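Undergrad: My questions will all concern the structure given below.
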Amino acid sequence: MNVADSERMAGELAAIGYERLPESAAPDEADMILLVTCCVRETAEDKIYGKLGEYKRLKENNPRLILGITGCMAQKEGEALIKRAPHLDFVLGTNKLAELAPLVQELEEARTVREGLGGEDKEALAEAKKVLRCQRVVDTAEKNDIAEGLAIARQGSLSAWVPIMYGCDNFCAYCIVPYVRGRERSRKPEDVFREIREAVDGGFREVTLLGQNVNSFGKDLPEAERMTFARLLSEADKTPGLLRLRYMTSHPKDMSDEVIRAVAEGEHICEHFHLPVQYGSDRILRAMNRGYTTEAYRELVRRVREAAPFGSLTTDLIVGFPGETEEDFLELLAFIKEIRYDQAYTFIYSRRSGTPAAEMDNQVPEEIKHRRLNQLMELQNRISLEINERLVGTLQEVMVEGPSVKNPSVWTGRARTNKICLWTHGTERPGQLVNVKVTQAQTWLLRGEIP
Ligand code: SF4
């Protein structure tokens, strides 16, 4: 979501004459630094304060530098950020992307006026800065508006992110997102379709629809505009020129049969089901406030696999949630053995202040969390490899991305199942769909050849 937001902000800034520096550029080459932040983990916030400290020196050396902050941390902290880092020029709320370009222009003008005042009298300058509104906190209160019609400077040239909704209503016990990003708000279907069409007309071949919980899409829309996520997918699937359609993230409790059917029957909708289970024991799922039981999840997996037997199933898992016992953990391992995910993204529970779980007094010691994570990863890696080994000899439809990082003659792309495939390059072009015959399996990828 932050990448999608960044692309919108880069687009708006490009429209007023800014361009993105390459990643290799040093911070002191920039005229503006905009921190797009995340606050899901407290350590991410600490890193941002570290960065702000670093940039203070840059600001001292170059008073023309504009330093701003946006993203979840800006939304959450608001005014407090200016107090802690007075060298910041602005704090921009996550719902205020449309105000970025006018704000930057206002800052530029104010800066020119300020320079006219001379730089000797620090007190007069500080006063002028306030009067000239050089330092701003732009609406970090929760607002329900979604800015449409923003310019977008997409990164890459094949895959486009298209947000379909913002916020989350689920309040999982460990997660700060609903407090920061607010309640679920869906974009109008016509705005989503227009953005998909524009991306595809601009040469993008793959679109990923984004939301904290895409299965809830449309529920908040007025009746006349209401559309289910399944219909949204099926309609988007018809976009001329689109080769691949993906989505993330699906909350298991809201995954309907209609969505499963839309994916299984869609022409370009990839049969990759990412269903974050988070844990494999009912006791912990309840404590996490996830809203489903292991039995309901099993049943969901059964329906998914029946509808799309060649699809892939991936998940997210958290170990070390407060109160997790050895018995819970063994239940989790048994659950993983039973479900057999293609891939799992595994995390150690990290205490996030402002969430109910952070207040729970039965926190798990760090060394136990690490031991459990390693055990879980070991098991999952073995399962991933076994599943991939069964694919040796099969043909996988792969969308060509380009040369791999390590060897330019070996090219990379993704199968419909989202598995990474590598093969020796022949005449394939980026964006093309090719069939790759799998010859070798690894835990995280498949190697093959073009037959
Ligand atoms: S569904 Fe749960 S984990 Fe996901 S964003 Fe919402 S509250 Fe956070």
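The values are calculated or read from the model by the stated rules, or taken from the named source; none is laboratory data. Bear in mind that the values here come from a model prediction, so they are computed numbers and not experimental data. Cβ atoms come from the backbone with ideal geometry, glycine included; neighbour counts cover every protein chain shown.
Undergrad: Can you tell me which residue is farthest from the ligand (Cβ to nearest atom) among those in region 195-222 that are farther than 29 Å from Gly431 by Cα and of a type in the set (Gly, Ala, Ser)? I'd like the intermediate steps shown before the answer.
TA: Initial filter on region 195-222 (farther than 29 Å from Gly431 by Cα): 216, 218-222.
Cutting the leftovers down to of a type in the set (Gly, Ala, Ser) gives us 216, 218.
Numbers: Ser216: 9, Gly218: 17 Å.
Filtering first and then ranking leaves Gly218.
Undergrad: Only one of these conditions is not met by Asn435: (1) touching a residue at least 40 places away in the same chain (Cβ under 8 Å); (2) more than 22 Å from Glu267 (Cα to Cα); (3) outside any loop (DSSP other than H, G, I, E, B). Which number is it?
TA: If we test Asn435 against (1) touching a residue at least 40 places away in the same chain (Cβ under 8 Å); (2) more than 22 Å from Glu267 (Cα to Cα); (3) outside any loop (DSSP other than H, G, I, E, B), just (2) comes out false.
Undergrad: Please find, within region 14-53, the residue that is nearest to Gly354 (Cα to Cα) out of those that are among the β-branched types (Val, Ile, Thr) and under 23 Å from the mean Cα position of the chain (by Cα).
TA: Step one: list which residues in region 14-53 are among the β-branched types (Val, Ile, Thr), which gives 16, 33, 36-37, 40, 43, 48.
Next cut, under 23 Å from the mean Cα position of the chain (by Cα) only: 33, 36-37, 40, 43, 48.
On the way: Ile33: 28, Val36: 21, Thr37: 17, Val40: 11, Thr43: 14, Ile48: 18 Å.
Filtering first and then ranking leaves Val40.
Undergrad: Here's a follow-up. So, in region 40-84, of the ones that are within 26 Å of Pro178 (Cβ to Cβ) and among the small types (Gly, Ala, Ser), which residue ends up modelled with the highest pLDDT?
TA: Here the answer is Gly68.
Undergrad: Continuing with this model, one more query. Can we say Arg261 is free of Cβ contacts under 8 Å to residues at least 60 places away in the same chain, basic (Lys, Arg) and surrounded by fewer than 22 Cβ atoms within 10 Å (Cβ to Cβ)? Spell out how you get there, then give the answer.
TA: Numbers: free of Cβ contacts under 8 Å to residues at least 60 places away in the same chain: yes; basic (Lys, Arg): yes; surrounded by fewer than 22 Cβ atoms within 10 Å (Cβ to Cβ): yes.
Spelling it out, Arg261 is indeed free of Cβ contacts under 8 Å to residues at least 60 places away in the same chain, basic (Lys, Arg) and surrounded by fewer than 22 Cβ atoms within 10 Å (Cβ to Cβ).
Undergrad: Can you go through Glu386, Glu401 and tell me which one is exposed (fewer than 13 other Cβ atoms within 10 Å of the Cβ) and modelled with pLDDT of 95 or more? Don't jump to the end; show me each part of the working.
TA: On the way: Glu401 fails: exposed (fewer than 13 other Cβ atoms within 10 Å of the Cβ).
Just a single option satisfies the conditions, and that option is Glu386.
Undergrad: Taking interchain pairs and intrachain pairs at least six residues apart, which have beta carbon atoms under 8 angstrom, with the first residue in region 156-170 and in contact (Cβ under 8 Å) with a residue 40 or more places away in the chain and closer than 20 Å to Val400 by Cβ and the second within 16 Å of the ligand (Cβ to nearest atom) and assigned to a strand (DSSP E or B)?
TA: From residues that are in contact (Cβ under 8 Å) with a residue 40 or more places away in the chain and closer than 20 Å to Val400 by Cβ, the pairs are Trp161/Leu210.
Undergrad: Inside region 320-339, can you point out the residues that are buried (at least 18 other Cβ atoms within 10 Å of the Cβ) and closer than 18 Å to Arg390 by Cβ?
TA: Answer for region 320-339, where residues must be buried (at least 18 other Cβ atoms within 10 Å of the Cβ) and closer than 18 Å to Arg390 by Cβ: Ile336, Ile339.
Undergrad: Of the numbered conditions (1) under 17 Å from Ser384 (Cβ atoms); (2) more than 26 Å from the chain's Cα centre (by Cα), Leu317 satisfies every one except a single condition; which is it?
TA: Result: Leu317 fails condition (2) only.
Undergrad: Shifting gears a bit: Just give me the residues in region 58-85 being within 20 Å of Ala30 (Cβ to Cβ), part of a loop (DSSP other than H, G, I, E, B) and touching a residue at least 40 places away in the same chain (Cβ under 8 Å), in sequence order.
TA: If the condition is that a residue be within 20 Å of Ala30 (Cβ to Cβ), part of a loop (DSSP other than H, G, I, E, B) and touching a residue at least 40 places away in the same chain (Cβ under 8 Å), then Pro63, Arg64 are the ones that fit.
This table checks each residue for (1) within 10 Å of the ligand (Cβ to nearest atom); (2) over 18 Å from Gly93 (Cα atoms).
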site	(1), (2)
Trp161	no, yes
Ile164	no, yes
Asp169	yes, yes
Cys172	yes, yes
Ile176	yes, no
Lys188	no, yes
Phe193	no, yes
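Undergrad: Taking the options Gly11, Gly17, name whichever one is crowded, with 16+ Cβ neighbours inside 10 Å and out of contact with any Phe, Trp or Tyr (no Cβ under 8 Å at 6 or more places or on another chain). Don't jump to the end; show me each part of the working.
TA: Working: Gly17 fails: crowded, with 16+ Cβ neighbours inside 10 Å.
Residue meeting the stated conditions: Gly11.
Undergrad: Give region 166-196 a look and list any residue that's among the aliphatic types (A, V, I, L, M) and touching a helix residue (DSSP H, G or I) at 6+ places or on another chain (Cβ under 7 Å), or say none.
TA: Going residue by residue through region 166-196, those that are among the aliphatic types (A, V, I, L, M) are 173, 176-177, 180, 192, 196.
Matches in region 166-196: Ala173, Val180, Val192, Ile196.
Undergrad: Can you name the strands (runs of 3 or more DSSP E) wholly within region 90-197 that have at least 1 residues being modelled with pLDDT of 90 or more, surrounded by fewer than 19 Cβ atoms within 10 Å (Cβ to Cβ) and of a type in the set (A, V, I, L, M)? Please lay out each step first, then the result.
TA: Values: elements: 90-92, 136-138, 159-163.
Fully inside region 90-197 and qualifying: nothing.
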